[in-house]
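Worksheet: the structure to be examined is printed underneath.
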Amino acid sequence: QFRVAESGGALVQPGGSLRLSCAVTGESSENYAIGWFRQAPGKRREGVSCISVNGFSTEYADSVEDRFTISRNNAENMVYLQMNSLKPEDTAVYYCVALYSISSSCYLEADWYNYWGQGTQVTVSS
């Protein structure tokens, strides 16, 4: 069976940094595109970042580009989201998502993914 499980959420002050981790378990995990989505209270689910199969490409939401960095380490079956210069608007539950894909691209569209983690809370507040 295949699954993703995210962790690393915490309370952090504005301007601070945080790294979220996504543990990917199952066969051929390197063939899954991995993404991060978030949902804040009263707001719609938002695609944050994604990384394609084999890391061929990455995508970022305009709101996080130049602040967040997604990476994957296939040897340890982990995907990370490094978040810097955090803002209160980044407060949300963050989800790691996955899709078995043959594409060299990935997309910040929730319907594209079929595996979702349970979420980890990130709160940015002073």
**Message:** Quick check on region 67-83: of everything there that is in a loop (DSSP other than H, G, I, E, B) and of a type in the set (D, E, K, R), which residue is farthest from the chain's Cα centre (by Cα)?
**Reply:** 76
**Request:** Exactly one condition in (1) touching a Lys or Arg at 6+ places or on another chain (Cβ under 6 Å); (2) closer than 13 Å to residue 77 by Cβ is not met by residue 32; state its number.
**Result:** (1)
**Asked** Restricted to region 23-38, and to residues that are on the phi < 0 side of the Ramachandran plot and not hydrophobic (A, V, I, L, M, F, W, C), which residue is surrounded by the fewest Cβ atoms within 10 Å (Cβ to Cβ)?
**Response** 27
**Message:** Could you go through region 14-36 and let me know if any residue there is closer than 30 Å to residue 126 by Cα and among the β-branched types (Val, Ile, Thr).
**Reply:** no
**Item:** Condition met for residue 125 (of a type in the set (Ser, Thr, Tyr) and either closer than 16 Å to residue 15 by Cα or free of Cβ contacts under 8 Å to residues at least 40 places away in the same chain (or both))
**Value:** yes
**Asked** List the pairs whose first member sits in region 51-73 and is closer than 16 Å to residue 33 by Cβ, whose second member is open to solvent by less than 70 Å² (accessible area, probe 1.4 Å) and among the basic types (Lys, Arg), and whose Cβ atoms are under 6 Å apart, counting only residues at least 6 apart or on separate chains?
**Response** 51/72; 55/72
**Complete:** When restricted to 108, 86, the only residue out of contact with any helix residue (DSSP H, G or I) (no Cβ under 9 Å at 6 or more places or on another chain), open to solvent by less than 40 Å² (accessible area, probe 1.4 Å), outside any strand (DSSP E or B) and not β-branched (Val, Ile, Thr) is 86
**Asked** Take the residues of region 39-65 that are more than 15 Å from residue 99 (Cα to Cα) and out of contact with any Ser or Thr (no Cβ under 9 Å at 6 or more places or on another chain): which is least open to solvent (accessible area, probe 1.4 Å)?
**Response** 63
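The values are calculated or read from the model by the stated rules, or taken from the named source; none is laboratory data. As the structure is a computational prediction, the values presented were derived from the model and not from experiment. Neighbour counts run over all protein chains shown; Cβ positions are idealised from the backbone, glycine included. Surface accessibility is based on the protein's heavy atoms, side chains included, excluding ligands, DNA and RNA. Shrake-Rupley method; radii C 1.70, N 1.55, O 1.52, S 1.80 Å.
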